[in-house]
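Reviewing the structure listed below.
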Amino acid sequence: MNTRRIGPFEVSAIGLGCMNLSHAYGAPPPPEAAEQLLRRALELGVTMFDTAALYGFGANETLVGRVLKAHRDHFVLASKGGMAGVAFDDGVKRVIDGSPQAIRRNCEDSLKRLQVDVIDLYYLHRWDKKVPIEDSVGAMAELVREGKVRALGLSEVSAATLRRAHAVHPIVAVQSEYSLWSRNVEIGVLRACRDIGAALVAFSPTARAFLTGALRDVATLDAKDIRRGMPRFQPDHYARNLQLLDGYAAIARDAGCSMAQLAIAWVLSRGDHVVALPGTTRLAHLEENLAADGVAPSADTLRRLDALINRHTVAGARYNPATQAEIDTEEFAA
């Protein structure tokens with residue numbers, strides 16, 4: 001597989017986002033299926049595996065650690081803190097906490113679950129706006145100095161916040177949603193990453209399955225699927241978005257690849273500092289996604305894609321107002 005740089009690491013241009021195996025899109029696959037998928041990804045040349053304290057409230061890190069610990073020297077391990085499950089009287093709840101104490105606790109808990117001595121790439125999962133970014137990154141820098149973390153990243157931040165953080169300690173990666181229908185990083189973060197020598201790690205490059213063409217009816221989504229709370233997946237908006245898919249499928253046919261492969265290849269075409277991070281629970285989809293490494297869209301294909309699917313043609317916001325308030329990404333002017 002082709003490779004790209006993330007700070008001191010050379011990684012496969014397409015990594016594996018492990019979240020789907022424990023979190024977010026309804027019932028996770030059986031443990032044996034999840035284990036098989038992780039091992040198959042390694043066999044196929046994936047050298048970056050991405051997890052987080054939040055995913056399954058620790059279950060995903062436990063899974064990744066158990067399955068991949070014997071292969072630790074063959075891949076770059078990324079995880080995230082600053083947003084995790086916290087036990088309350090009425091159950092475990094997601095909490096954003098960027099305080100130095102919470103970041104240290106999250107990291108040490110992750111190390112135990114992952115069964116490793118050091119995490120290669122450690123992200124601040126969300127900037128806690130109650131805590132100066134300098135304080136959060138300063139605490140993460142202490143983890144680097146102590147040998148618990150090798151390099152630092154941020155997730156879902158603006159270019160301004162990235163530059164403030166980078167002034168405290170080198171930031172080698174920003175992980176944000178990026179696809180044909182989620183272009184916010186193009187406002188400033190994509191360029192800021194290039195300017196400081198950081199990678200842009202693009203999660204949901206297939207637009208949470210929209211660009212695969214497989215999700216035609218949002219009513220089929222699991223009751224606990226997080227897409228049910230996202231505006232562009234609401235029935236009225238989604239009906240309008242579906243009108244884009246026939247044209248998109250035609251472009252993929254002309255390009256000689258699947259719709260999912262074209263979506264991932266488009267993301268990789270946005271710059272040599274961009275790494276794609278799709279996730280899946282199915283072996284067939286894993287193999288399809290990774291084959292996008294061999295797809296090189298022509299200039300004409302890229303022009304057709306940009307004309308068809310862009311921020312003006314997609315209906316619905318990326319997040320609801322409450323979730324949007326939690327993140328720091330730039331928004332396009334109305």
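Restricting attention to segment 185-223, and to residues there that are among the polar types (S, T, N, Q) and touching a strand residue (DSSP E or B) at 6+ places or on another chain (Cβ under 7 Å), which single residue is surrounded by the most Cβ atoms within 10 Å (Cβ to Cβ)? Write out each step before concluding.
First, pick out the residues of segment 185-223 that are among the polar types (S, T, N, Q): 204, 206, 212, 220.
Then keep just the ones that are touching a strand residue (DSSP E or B) at 6+ places or on another chain (Cβ under 7 Å); that gives 204, 206.
On the way: Ser204: 24, Thr206: 29.
Residue satisfying both the conditions and the ranking: Thr206.
Sort out for me the strands (runs of 3 or more DSSP E) sitting completely within segment 41-135 that have 1 or more residues that are without any contact (Cβ under 8 Å) to a residue 40 or more places away in the chain, under 20 Å from Glu156 (Cα atoms) and touching a strand residue (DSSP E or B) at 6+ places or on another chain (Cβ under 9 Å).
Details: elements: 48-50, 76-81, 83-88, 91-96, 119-124.
Those strands (runs of 3 or more DSSP E) span 48-50, 83-88, 91-96.
If Ser298 satisfies all but one of (1) within 17 Å of the chain's Cα centre (by Cα); (2) farther than 24 Å from Ala41 by Cβ; (3) polar (S, T, N, Q), what's the number of the condition it fails?
For Ser298, the failing item is (1).
Could you list, in sequence order, the residues of segment 159-175 that are crowded, with 23+ Cβ neighbours inside 10 Å and either assigned to a loop (DSSP other than H, G, I, E, B) or of a type in the set (Gly, Ala, Ser) (or both)?
Ala165, Ala173
For every residue, the table says whether it meets (1) in contact with a Cys (Cβ under 8 Å, 6 or more places away or on another chain); (2) on the phi < 0 side of the Ramachandran plot; (3) surrounded by fewer than 24 Cβ atoms within 10 Å (Cβ to Cβ); (4) not acidic (Asp, Glu).
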position: Ala78; (1), (2), (3), (4): no, yes, no, yes
position: Ala87; (1), (2), (3), (4): no, yes, yes, yes
position: Lys93; (1), (2), (3), (4): no, yes, yes, yes
position: Ser99; (1), (2), (3), (4): no, yes, yes, yes
position: Arg104; (1), (2), (3), (4): no, yes, yes, yes
position: Gln115; (1), (2), (3), (4): no, no, yes, yes
position: Asp120; (1), (2), (3), (4): no, yes, yes, no
position: Asp128; (1), (2), (3), (4): no, yes, yes, no
position: Glu134; (1), (2), (3), (4): no, yes, yes, no
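Can you pull out every residue in segment 163-206 that is of a type in the set (A, V, I, L, M, F, W, C) and touching an Asp or Glu at 6+ places or on another chain (Cβ under 9 Å)?
Listed by number, the residues that qualify are Ala165, Ala167, Val168, Val174, Leu180, Val185, Ile187, Val189, Val201, Ala202, Phe203.
From the list Arg228, Arg232, exactly one residue is farther than 30 Å from Gly197 by Cα and surrounded by fewer than 20 Cβ atoms within 10 Å (Cβ to Cβ). Which is it?
Arg228
Can you pull out every residue in segment 281-334 that is of a type outside the set (A, V, I, L, M), touching a strand residue (DSSP E or B) at 6+ places or on another chain (Cβ under 8 Å) and closer than 16 Å to Gly15 by Cα?
Restricting attention to segment 281-334, the residues satisfying the condition of being of a type outside the set (A, V, I, L, M) are 281-282, 285, 287-289, 293-294, 297-298, 300-301, 303-304, 306, 310-313, 316, 318-321, 323-324, 326, 328-332.
Now drop any that are not touching a strand residue (DSSP E or B) at 6+ places or on another chain (Cβ under 8 Å), which leaves 289, 293, 318, 326, 329.
Asn289, Asp293 - these are the residues of segment 281-334 that are of a type outside the set (A, V, I, L, M), touching a strand residue (DSSP E or B) at 6+ places or on another chain (Cβ under 8 Å) and closer than 16 Å to Gly15 by Cα.
Going by the structure shown, is Ser12 surrounded by 15 or more Cβ atoms within 10 Å (Cβ to Cβ), closer than 16 Å to Arg66 by Cα and polar (S, T, N, Q)?
Details: surrounded by 15 or more Cβ atoms within 10 Å (Cβ to Cβ): yes; closer than 16 Å to Arg66 by Cα: no; polar (S, T, N, Q): yes.
Answer is no for this residue.
So which residues in segment 167-184 are farther than 15 Å from Leu277 by Cα and under 18 Å from the mean Cα position of the chain (by Cα), if there are any at all?
Result: Ile171, Val172, Trp181, Arg183, Asn184.
Limited to segment 68-110, what total is found for residues that are among the hydrophobic types (A, V, I, L, M, F, W, C), under 22 Å from the mean Cα position of the chain (by Cα) and farther than 23 Å from Glu326 by Cβ?
Qualifying residue count for the region: 4.
Pick from Arg318, Arg303, Arg240, Arg270: which is of a type in the set (Lys, Arg), more than 23 Å from Ser22 (Cβ to Cβ) and crowded, with 17+ Cβ neighbours inside 10 Å? Spell out how you get there, then give the answer.
Values: Arg318 fails: more than 23 Å from Ser22 (Cβ to Cβ); Arg303 fails: crowded, with 17+ Cβ neighbours inside 10 Å; Arg240 fails: crowded, with 17+ Cβ neighbours inside 10 Å.
None of the others qualify; the one that does is Arg270.
Quick one: which helices (runs of 4 or more DSSP H) lie wholly within segment 224-334 and hold at least 1 residues that are under 28 Å from Gly26 (Cβ atoms) and in contact (Cβ under 8 Å) with a residue 12 or more places away in the chain? If you could, list the steps in order and put the result at the bottom.
Working: elements: 235-242, 245-255, 259-268, 283-290, 299-308, 321-324.
Those helices (runs of 4 or more DSSP H) span 235-242, 245-255, 259-268, 283-290, 321-324.
Checking the structure you have, find out if any residue of segment 15-31 is touching a residue at least 12 places away in the same chain (Cβ under 8 Å), part of a loop (DSSP other than H, G, I, E, B) and in contact with a strand residue (DSSP E or B) (Cβ under 7 Å, 6 or more places away or on another chain).
Of segment 15-31, the ones touching a residue at least 12 places away in the same chain (Cβ under 8 Å) are 15-29, 31.
With the extra rule that they be part of a loop (DSSP other than H, G, I, E, B), the set shrinks to 15, 18, 22-29.
Among the residues that remain, those that are also in contact with a strand residue (DSSP E or B) (Cβ under 7 Å, 6 or more places away or on another chain) are: 15, 18.
The answer is yes, given that some residue of segment 15-31 is touching a residue at least 12 places away in the same chain (Cβ under 8 Å), part of a loop (DSSP other than H, G, I, E, B) and in contact with a strand residue (DSSP E or B) (Cβ under 7 Å, 6 or more places away or on another chain).
Only the coordinates and a few stated rules stand behind these numbers; no lab work does. What you see is a predicted model; the values in this text were computed from it and never measured. Note that we place each Cβ from the backbone using ideal geometry, even for glycine, and neighbour counts take in every protein chain shown.
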